[in-house]
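Student: What follows is a single structure, and I will ask about it in a moment.
The values are calculated or read from the model by the stated rules, or taken from the named source; none is laboratory data. The model shown is predicted, which means the values in this text are computed figures rather than measured ones. Reconstructed Cβ throughout: ideal geometry from the backbone, glycine too, with neighbour counts over all protein chains shown.
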Amino acid sequence: MSLPFEQVQNILAQLGGQDGLSHLFYMLFPFFLLFELPLNLLVLVGVLRWFVRRRSAVPQRSLYQPRVSCIITCYSEGMDVQTTLLSLCEQTYPGHIEMIPVVDGATVNHPTLDAVRSFRVDPQLYPRRHLRPIAKWQRGGRVSSLNAGLAHASGEIVMALDGDTSFDNNMVGAIVRNFADPSVPAVAGSLRVRNTWSSLTTAMQALEYLLSIHMSKIGLAEWNLVNNVSGAFGAFRRSFLVKIGGWNTHTAEDLDLTLRIKSYFRRHNLRIPFEPEAVGHTDAPVKFRDFLMQRLRWDGDLFFLYVRKHSHSINPRLLGWRGFLMVLISGFFFQLVLPFIIVGYTVLAVVLLPGSTLLILFSLVYLLYLSITVILFVNLLLMVCDRPRQDLPLAILLPIYPLFMLFMRCWSAVAMLNEMFRRGHEETSMAPWWVLKKATRF
């Protein structure tokens, strides 16, 4: 039975009265206490465990040196693809590296096609480096390019790379040594923002990449809880990849493939490591509008994959209880539910609370998340960072990082509404509309 309108008004008035701060703060705080604090502690303990293990480990040279095939998806990179190819040629890895740049829509994509065709590998300067370009004349999208490269790949290890991403010269060796363990079907690499100081937008993304990709995945990998193998930089065991059918259509092919791999975890006792020494460098969107459009696609894709496409496979019988709980917390709650909770509480607070109480409430919440950010950043510098001179200047962004993340949580809600009502994943630039329309609808 619904409350009378007068009673509802009285309740709302009480929330906005003298005890409004305590009421709303106690409503907000349990969500942090029950979900965000344990997850951050899990990451920090994992990082500490990794740090101690790494300092006590005896360096060993891996004798496992299989042939590696690097599938480089190219579309509109132009001459930048040559930087990617050169960084692969210059790898210190002693084994063979097969570079397979796949130019999508080559009929109209002449600058990128010409850049690939004009690139030459000097066999004297770069022995055991082989260029196998593929011109895909009709555009089919990123998944189509990856599967075309997989069909021509001859290496035991397959890497999926973006055509505008360059790599440290120890990347291949660092990532391949993880595959000496037969229970490893995939390895996640680390990404850094190459154009960090091009704008405030790129600088914020650089800090986000360090905290949410580099540091977070180090901690989660200690518990075998890596949530995604990045589409811009991931490595896979070719035999396993072929067995599960390669990449699937639609969008967000990286998370899609990761979830499909994880569905074999419990049956085959698999694990996905994160390799912090395998570093790729990519350009982040410079303009704030371009950044928002990128995240509109990324966050909308999360709803599509978790709710529409993979809801049937997210269960403990496939993922195991640890992986299942992690997907529920980090996938469903943090990515799909928490943004709407934050938007709802923010709107209610703005509407119901007087200005002074609102200021105190937001200040407390801000200080809470600022403290978390500072703790994570300090631990990053002390235990994880291998480039302190490059990363330390990002400390000037710490005071605005909680506000940035608050805005991005709200934008995530917009992205999911766009997916719910407009099927935003079908508007992605990752594949042409006729490929997405022919895909199975979910």
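Student: When you go through (1) within 22 Å of the chain's Cα centre (by Cα); (2) under 29 Å from Trp223 (Cα atoms); (3) part of a loop (DSSP other than H, G, I, E, B) one by one for Ser76, which number turns out not to apply?
Tutor: Single failed check for Ser76: (2).
Student: Evaluate segment 36-51: report whether one residue or more is closer than 30 Å to Glu253 by Cα, buried (at least 16 other Cβ atoms within 10 Å of the Cβ) and in contact with an Asp or Glu (Cβ under 6 Å, 6 or more places away or on another chain).
Tutor: Checked against the condition, which is being closer than 30 Å to Glu253 by Cα, buried (at least 16 other Cβ atoms within 10 Å of the Cβ) and in contact with an Asp or Glu (Cβ under 6 Å, 6 or more places away or on another chain), segment 36-51 yields at least one hit.
Student: Here is a list: Asp122, Asp114. Which entry is of a type in the set (Asp, Glu) and part of a loop (DSSP other than H, G, I, E, B)?
Tutor: Answer to the selection: Asp122.
Student: So, in segment 242-288, how many residues would count as being of a type in the set (Phe, Trp, Tyr), modelled with pLDDT of 95 or more and over 15 Å from the mean Cα position of the chain (by Cα)?
Tutor: So the answer is 1.
Student: So, in segment 249-291, exactly how many residues are among the aromatic types (Phe, Trp, Tyr), within 25 Å of Met204 (Cβ to Cβ) and surrounded by fewer than 17 Cβ atoms within 10 Å (Cβ to Cβ)?
Tutor: Counting residues in segment 249-291 that are among the aromatic types (Phe, Trp, Tyr), within 25 Å of Met204 (Cβ to Cβ) and surrounded by fewer than 17 Cβ atoms within 10 Å (Cβ to Cβ) gives 1.
Student: Here is a list: Leu302, Leu319, Leu370. Which entry is under 23 Å from Leu42 (Cα atoms) and modelled with pLDDT of 90 or more?
Tutor: Checking each option against the conditions leaves just Leu370.
Student: Sticking with this one: Among Val384, Val351, Val414, Val365, which is loosely packed, with under 15 Cβ neighbours inside 10 Å and not charged (D, E, K, R)?
Tutor: None of the other options fit; the residue is Val351.
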